[in-house]
Amino acid sequence: MRRLPLAALLVAVGTVAFRADALVWPDVPDRIERGLSSPDPTSRRVAARDLVNLGGARATPLVLKALADADVEVRISAAQAAIRLRVPGATDVVLSWLGERETRLRVAACEVAHSMPVSNSVQPLARALGDADAQVRSVCADALGVSGSPDAVAPLSGKLDDSTPNVRVQVARALARLGDSRAVVPLVGKVQDSVPEVRQAVVRALGDLGDTRPTQALLLALRDAVPEVKVEALSALGRLRAPDAVDAIAPLALERNPSVRQSALVALGRIGTPGAVRALTKALGTHDDATAGLERTPVRDALTAAGDAAVAELIAILDRPVSQAVAASAAWVLGELRAKASAPAIVAALRKGTLPPNAALRALAGAGAPQQVPVVLEFVADPSPANREEALRAAAALLDPARPDGRAVEPLTATLKNPRTSPRERALVATLLGRTGAPRAAAELVGLVNARDQGLRLAAIDALGALGASRTTTSTPADEKTGPTSDDVLVPLLADVDPAVRLHSAVALSASGGPKARRDLLAKLQAGDELDRFALFEALGGVLGRHPDENAARRVFRELDVAAGPERDAVIVAAGRAPLPIAVAALASAAKTADIDDRRTVASALAAHPGSPEAIALARTLMSDPDVTVRAEATFSLGSIGDPSLIPVLVGLTRSSDADVATNAAAAISRIAGRASPTPERSVVDGICPMLGSGRPTVRANALAGLALVKRRCGDGTLERKLLTDDPSDLVRGSAARAVVAAPLGEDRTALDRCSAADRSAEVALLCRPRGTAADATSPRRPHAVTVFVVGDSTSVTARPRVPFLLEYEDGIVHAGVADRRGATFDPAAPAGNVVLRRPS
């Protein structure tokens, strides 16, 4: 996976995945079937071991046949294949094995039932809990835990006194997985089990169940002599948000044992009451927090988890005479919480000298506002490299090109000329000059575009692009003098010998170029100058998208008469971005070609015409194209240009036999839903919810992303919680986390806690963790056009044409498709943020 910052142009790297069954020779199924019919047990065993190499559709009848074989080894191999291939009907067959004399068969039966639960498996598995073999009892308890049946609670509860400790552990885990509160009382009775591993499992299960009744039993477990049991008890009390446990937990926040201490801090952060916050603040500046500097520590993370409840206490700490370590930690948390009200206190502590400058600047990057920009600028030329770095970072966070701030120009210009400023810092300063949005910053940037240092040169080009883009959305303040535009400087750079300079110049012009740049670029096109035509078309596309002109669009479309191969895609995208009827008409003409690549690129470019009836009609026509890649791209584009009236059509496409069409139909529904937020029509949500049961992970992920965008849930939210905890796809669990966090319900707490603490994907666990509400209140940023170049494998550096891709955007929506002849894909309506290239299916 590669995570990429969103800009006007992106280069991405991906990996192509192939279906396992696509690599099987056509005669293999016949050979295996002959082997399974052989009277020789050895031949049947060899054939059974090969079953896992078949695809699901071809393997199902053969696996079911092998499961009924008389030979034990054949049946066990078939069971393994059934689990691997998720063969339907396998569980019903193997349940009869629970009465077999061979232990391995009984174990295999439970393993199959665990992998593929069925409603009629509970009673046979419950009887197997009395098996003479402890391994069978353990595996069957595990299978009952995933059955989801309330009928499994009673038989499992009765086995909490099993003679084998490992079985008791598995029973406790199974009861926790079932999530039924009837298991609380039986589990409480085992909190003082003689075996520490059992006590751990029981305490963890009580926390997972989310019922507050066992609080007193968990407090008793805090006295356990085994640290691991204490850790589990603390974790459970934290997940239960037990306010009456604060007094018992607080002393453990200063415990010598690191694991106990960290668990106590986490628990207090989750409880988040005023008492818990006070206990946490007493731990500031102690143990590893005493020398943390600007790094994360357990106590800082715990206070961040407490959220807004911690803000007032932390501000009060900055007002008191405390050590610099304590003040630095308090400020760090306030910055992480985006607590804007704390900015004056942070500045006051900085002035008093109780808060180190680097800690204050780090905090202001999160908690500051434009009013604190002058304070930050005082340190951009500081003698300390650490202070300079934090000042530049804070300035980047506080300066917004959409809100010009001329106050920053002079200090930043002076920093550029300061001999102690390193080349890397000079590049950062140049970037900040672009973020000021002040026209007079252009004069300084123009002088840097020919700098010898490439990093500084590219930063200056990017900054000119940002500066010019800000002028297209804001009016020039009365006290600003209009400086040189970026057009005259950037257009000549498209002929530079350095390809990186040409790329950055094209991106900058695409974002900022005006009518003059449009004229100059067209003149170069007309003259046939020796230049990078791909860079030229990238720049022209952005300019035409913001400054449309019919004659210019016609002129670019005429290039199709002479363009060939990858250049045709560049032309179609560039001219197709112009929001004009004649552009849509020209795209319709280009869509009539027999060239599949042309039609696919046309389908992509249609997304640049939101609300155009002609564009919508053309996209719907292309959704019936003979080529599936064209249909998939047209379906995705409808999400950017369509309205809720198209939901029924798109819902039907989510059941398409082609995975990319189904994925993009779900994505289109979610994008339409997102534009209708915050008050989407009921039909939008009704269209999304059934998709949560799709057999395709990408469809489920897109449906969940749509729920997150509209901040709605399906019914009582049970299905989203189940997908969050049980779905095998990291992509789906991550989107489920987005949906649950965006519209939380009371029942979500346990699922989110379990996800943040134990999900196998660190990325998903992060999405489940609490975030400061102040950060969530920021206004959404407008979408951007993005071009992603896809590389076929991680060892290559060249974009590959027609390679499959799967892109995940910042909002969780997934786009499936095939790259064009350039090895690229274009999206004019990508949300601001990161783009991640996932493994295509």
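The values are calculated or read from the model by the stated rules, or taken from the named source; none is laboratory data. Since the model is a prediction, treat every value here as computed from it, not as a measurement. Cβ: placed from backbone, ideal geometry, glycine included. Neighbour counts: every protein chain shown. All accessible areas refer to the heavy atoms of the entire protein, side chains included, with ligands and DNA or RNA removed. Shrake-Rupley method; radii C 1.70, N 1.55, O 1.52, S 1.80 Å.
Looking at segment 291-307, I want the residues that are in contact (Cβ under 8 Å) with a residue 40 or more places away in the chain and of a type in the set (Ser, Thr, Tyr) and have a partner that is part of a helix (DSSP H, G or I) and open to solvent by less than 50 Å² (accessible area, probe 1.4 Å) with Cβ atoms under 8 Å, at least 6 apart or on another chain. Which pairs are those?
What qualifies is Thr304/Gly269; Thr304/Ala310; Thr304/Val333.
Tell me which of these Glu567 doesn't satisfy, since it passes every other one: (1) under 24 Å from Val507 (Cβ atoms); (2) buried (at least 22 other Cβ atoms within 10 Å of the Cβ).
Among (1) under 24 Å from Val507 (Cβ atoms); (2) buried (at least 22 other Cβ atoms within 10 Å of the Cβ), Glu567 violates only (2).
Would you mind stating whether Gly812 is over 30 Å from Ala563 (Cα atoms), open to solvent by less than 10 Å² (accessible area, probe 1.4 Å), modelled with pLDDT under 90 and among the small types (Gly, Ala, Ser)?
Here the answer is no, as Gly812 does not meet what is asked.
Of the residues that make up segment 213-225, is at least one open to solvent by 40 Å² or more (accessible area, probe 1.4 Å), more than 29 Å from Ala363 (Cα to Cα) and hydrophobic (A, V, I, L, M, F, W, C)? Explain how you work it out, then say what you get.
Initial filter on segment 213-225 (open to solvent by 40 Å² or more (accessible area, probe 1.4 Å)): 213, 216, 220, 223, 225.
Now restrict to residues that are more than 29 Å from Ala363 (Cα to Cα): 213, 216, 220, 223, 225.
Now narrow it down to the ones that are hydrophobic (A, V, I, L, M, F, W, C): 220, 225.
Checked segment 213-225: at least one residue is open to solvent by 40 Å² or more (accessible area, probe 1.4 Å), more than 29 Å from Ala363 (Cα to Cα) and hydrophobic (A, V, I, L, M, F, W, C).
Based on this model, can you work out whether Arg782 counts as assigned to a loop (DSSP other than H, G, I, E, B), modelled with pLDDT under 90 and surrounded by fewer than 20 Cβ atoms within 10 Å (Cβ to Cβ)?
Considered against the rule, which asks whether it is assigned to a loop (DSSP other than H, G, I, E, B), modelled with pLDDT under 90 and surrounded by fewer than 20 Cβ atoms within 10 Å (Cβ to Cβ), Arg782 comes out as yes.
If only one of Asp289, Asp308 is open to solvent by 20 Å² or more (accessible area, probe 1.4 Å) and either outside any loop (DSSP other than H, G, I, E, B) or of a type in the set (S, T, N, Q) (or both), which one is it?
It is Asp308.
What helices (runs of 4 or more DSSP H), lying completely within segment 596-715, carry at least 1 residues that are hydroxyl-bearing (Ser, Thr, Tyr), surrounded by fewer than 24 Cβ atoms within 10 Å (Cβ to Cβ) and in contact with a strand residue (DSSP E or B) (Cβ under 9 Å, 6 or more places away or on another chain)? Talk me through it step by step, then tell me what you get.
Numbers: elements: 596-605, 613-622, 628-641, 647-653, 659-676, 682-688, 697-710.
Result: 628-641.
Conditions tested, residue by residue: (1) in contact with a helix residue (DSSP H, G or I) (Cβ under 8 Å, 6 or more places away or on another chain); (2) of a type in the set (A, V, I, L, M); (3) free of Cβ contacts under 8 Å to residues at least 40 places away in the same chain.
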| position | (1), (2), (3) |
| --- | --- |
| Ala495 | yes, yes, yes |
| Arg502 | yes, no, yes |
| Ser505 | yes, no, no |
| Arg533 | yes, no, yes |
| His547 | yes, no, yes |
| Val556 | yes, yes, yes |
| Pro566 | yes, no, no |
| Val571 | yes, yes, yes |
| Ala585 | yes, yes, yes |
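Looking at (1) within 23 Å of His784 (Cα to Cα); (2) in a loop (DSSP other than H, G, I, E, B), which one does Glu530 not meet, given that it meets all the others?
All conditions are met except number (1).
Determine the pairs where a residue that is at negative phi, located within segment 742-762, has a partner that is open to solvent by 20 Å² or more (accessible area, probe 1.4 Å) and among the acidic types (Asp, Glu) with Cβ atoms under 9 Å apart, the partner being 6 or more residues away or on another chain.
Every condition considered, the pairs that remain are Leu745/Asp716; Glu747/Asp716; Thr750/Asp208; Asp753/Asp208; Arg754/Asp208; Asp759/Asp730; Arg760/Asp730; Ser761/Asp730.
Name the pairs whose Cβ atoms lie under 8 Å apart, with the first residue in segment 31-51 and without any contact (Cβ under 8 Å) to a residue 12 or more places away in the chain, the second of a type in the set (Gly, Ala, Ser), and 6 or more positions between them or separate chains?
Ser38/Ala47; Ser43/Gly35; Val46/Gly35
How many residues does segment 90-102 contain that are surrounded by fewer than 20 Cβ atoms within 10 Å (Cβ to Cβ) and hydroxyl-bearing (Ser, Thr, Tyr)?
So the answer is 1.
Here are the criteria: (1) at pLDDT 95 or above; (2) closer than 21 Å to Arg577 by Cβ. Tell me which single one Arg675 does not satisfy.
Going through (1) at pLDDT 95 or above; (2) closer than 21 Å to Arg577 by Cβ one by one, Arg675 breaks only (1).
Quick check on this structure: which one of Gly366, Gly437, Gly406, Gly455 is on the phi > 0 side of the Ramachandran plot and in contact with a Lys or Arg (Cβ under 9 Å, 6 or more places away or on another chain)?
Checking each option against the conditions leaves just Gly437.
Taking segment 126-147, which residues are in a loop (DSSP other than H, G, I, E, B), open to solvent by 10 Å² or more (accessible area, probe 1.4 Å) and touching a helix residue (DSSP H, G or I) at 6+ places or on another chain (Cβ under 7 Å)?
Residues satisfying the conditions are Asp131, Asp133, Val146, Ser147.
Per-residue answers, yes or no, for (1) in a helix (DSSP H, G or I); (2) loosely packed, with under 15 Cβ neighbours inside 10 Å; (3) at pLDDT below 95:
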site	(1), (2), (3)
Ser38	no, yes, yes
Leu51	yes, no, yes
Ala57	yes, yes, yes
Leu64	yes, no, yes
Ala70	no, yes, yes
Ala81	yes, no, yes
Arg84	yes, no, yes
Pro88	no, yes, yes
Arg104	yes, no, no
